[in-house]
Amino acid sequence: MGYIRGFVHGAVAGTLIGLWVAPQSGERTRAQLRAFAKAARDGVDTAQRTAKHVAPVVGGAASLAREQLERRRHHEEPEATFRTPTENGHR
C-alpha cells in the first residue's frame, strides 16, 4: 500500500510542478488537459466494452478447462504403491 501511495503522491507533485514551470500559457495547458481527460475517458469506455464482450468467452473457456481437468482426475488410475521386489515377482 505504501508503494501505491508514494506513486500517487509523486504523480500529483510532478503534475503540479510541471504545470507551474510550463513554458506555455495556462489556456493552452488547460485545453491539453481537457483533451487528455477526454481521451482517457474514451479509452476506459472502450476497455469496458471490450471486457463485456471478452468476459463470457474467457469464463466459458475456464469452465471447459475445469471440466476437462476434473474428468482427467477421475479417470486416472490410482497411484502405484511401493512394493518390494519379491511382491512384484522379482528376486
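Bear in mind these aren't lab numbers, they're just calculated from the coordinates by the rules spelled out. Predicted, not measured: the structure shown is a model, and the values here were computed from it. All Cβ positions, even for glycine, are placed from backbone atoms using ideal geometry, and neighbour counts span all protein chains on display.
Things to note:
- Evaluated at q = 0.16, 0.21, 0.26, 0.31 Å⁻¹, a Debye calculation over the C-alpha positions of region 17-59 (equal weights, vacuum) places log10 I(q)/I(0) at -0.57, -0.71, -0.86, -0.97.
- Ordering 44, 21 from the fewest to the most neighbouring beta carbons within 10 Å gives 21, 44.
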